[in-house]
Ligand SMILES: NC(=O)c1ccc[n+]([C@@H]2O[C@H](COP(=O)([O-])OP(=O)(O)OC[C@H]3O[C@@H](n4cnc5c(N)ncnc54)[C@H](O)[C@@H]3O)[C@@H](O)[C@H]2O)c1
């Protein structure tokens, strides 16, 4: 959509979801040509607290907020993403949507993985058509795409026309804080979708960029093999209390092997089994270089704190239990993992009428690779084709 179609400058953003993600999106909108003109959440308590903290009008629902915004920023649990995407697109509003883009929100007891993949594929067809018809811009909030280290690697690939031969990437930690995590009908799966979407997004993005730089055409995933496990449910698991447990019907470990259309590969690992904060990296093995993108921790600022009380409550780095000892602090919260930078691209892309770096096509490829992965895991790792939209 061109800038002339925007009702006002700065861009009016409405945030759906007043929790962890809603708050970091709000913080990261500062210094941009955008203003938050609304917030909503299902819980009056959380939307009112957000409204007071950030001086933003609270609305009872997304529908009530839509007339007052240019962009719906969806920071709600995954099962609500698709209904809100449809509502915003129908109203001609641009969309920013948190990960995972969408999924299948039935029960794994009553729905086969093949049915899930078919339903998600149909949804992806629909959403692509809807977005194309409404002429809106979709920013998929895959922050790893915007991590400074991944953007440096993108620049190296584009400048040297490198060919990526293989990649390894991981995101893991000791378990999500969300009370609805671990429930398939809310999250669309476990570690593979909840965390694996991040490193998967990073590798699909870089391979896409390689293809565009070398041949003017994105290189996309064609097939996957996957394994999933529930390690914290094993009778042999000895719980020392440091890892989250009690996932209802989702896995806590996944391995996804991705084959691209040029025959090159990427391997993704993800789990809820890692202590010591967020463990996030992406390593590229190319025909002319090798790059280790360290995402979390970044190791650009190491702080030593002799006593946890000195820096209590300071957000130096995500998901470590206390600010004591050596702390691999982020230079700024959200700097190393790209959360700080993604909002800038989304706002500027909408204002300039261009596609953002992390766009709808990337979101669709990630979603379909994940559900093809669930089909493969059901078949103990057999190769499964990734549907192509
Ligand atoms: N990119 C990242 O690193 C990152 C980090 C955390 C969360 N996320 C994503 O952000 C989204 C939200 O996660 P969170 O951690 O902020 O969760 P949260 O539980 O902290 O907050 C969710 C908010 O949404 C509200 N809500 C729940 N259902 C709703 C609905 N149907 N309609 C409107 N409001 C609703 C809740 O009241 C709450 O305010 C998820 O998709 C999650 O995967 C991304």
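The numbers here are math on the coordinates, done by the rules we state, and not lab data. Owing to the predicted nature of the structure, the values given are computational and were not obtained by experimental measurement. We place every Cβ from the backbone using ideal geometry, glycine too, and count neighbours over all the protein chains shown.
Using the Cα gyration tensor of the chain, with a ≥ b ≥ c the square roots of its eigenvalues, what is the shape: rounded (a/c below 1.5), prolate (a/b larger than b/c) or oblate (neither)? Verdict is rounded for the chain.
If you take the Cα centroid of segment 127-168 and the Cα centroid of segment 323-360, the two points sit 13 Å apart.
Debye-formula intensities of segment 232-287, expressed as log10 I(q)/I(0) at q = 0.19, 0.24, 0.25 Å⁻¹, are -0.83, -1.07, -1.12 (one equal scatterer per alpha-carbon, no solvent).
Largest GNM mean-square fluctuation across 58, 236, 91, computed for the chain with C-alpha springs under 10 Å, falls on 236. Summary value for segment 91-193: 41 percent relative contact order, contacts being C-alpha pairs under 8 angstrom separated by 6+ residues.
With neighbours defined as other Cβ atoms within 10 Å of a residue's Cβ, the residues 176, 296 order from fewest to most as 176, 296.
Where only DSSP H runs of four or more residues are counted, the chain gives -10000 deg cm²/dmol as its mean residue ellipticity at 222 nm, each run worth -39500 (n - 2.57). Subtracting the Cα-Cα distance of residue 244 and residue 275 from 0.36 nm times their residue separation leaves 10.1 nm of extension gain.
Exposure proxy ranking for 73, 252, based on other Cβ atoms within 10 angstrom of each Cβ and starting from the fewest, stands as 252, 73. Residues 272, 158, 357, ranked from the fewest to the most other C-beta atoms within 10 Å, line up as 158, 357, 272. Remark: spin-label model distance residue 160-residue 322 equals 4.4 nm, labels positioned 7 Å along the Cα→Cβ axis.
Rounded if a/c is under 1.5, else prolate if a/b beats b/c, else oblate: with a ≥ b ≥ c from the C-alpha gyration tensor eigenvalues square-rooted, which is segment 64-163? Cα axes put segment 64-163 in the oblate bin.
From the Cα gyration tensor of segment 237-337, with a ≥ b ≥ c the square roots of its eigenvalues, which class applies: rounded if a/c is under 1.5, or else prolate if a/b is larger than b/c, or else oblate? Oblate shape, in that a/c is at least 1.5 and b/c is the bigger or equal ratio.
In plain terms, the chain from residue 44 to residue 60 could stretch by 5.0 nm, reckoned as 0.36 nm per residue minus the Cα-Cα distance. Binning the C-alpha pair distances of segment 155-304 at 10 Å intervals from 0 yields a P(r) profile of 11, 36, 30, 18, 5, 0 %, listed from the shortest bin outward.
The relative contact order of segment 139-217 comes to 43 percent, based on Cα pairs under 8 Å that sit 6 or more residues apart.
Measuring nothing but how far apart in sequence close Cα pairs (under 8 Å, 6+ apart) lie, relative to its length, the chain scores a relative contact order of 20 percent.
Counting only DSSP beta bridges whose two residues both lie in the chain, roughly 55 percent are antiparallel. Once the chain from residue 35 to residue 299 is taken as fully extended at 0.36 nm per residue, the excess over their C-alpha distance is 91.8 nm.
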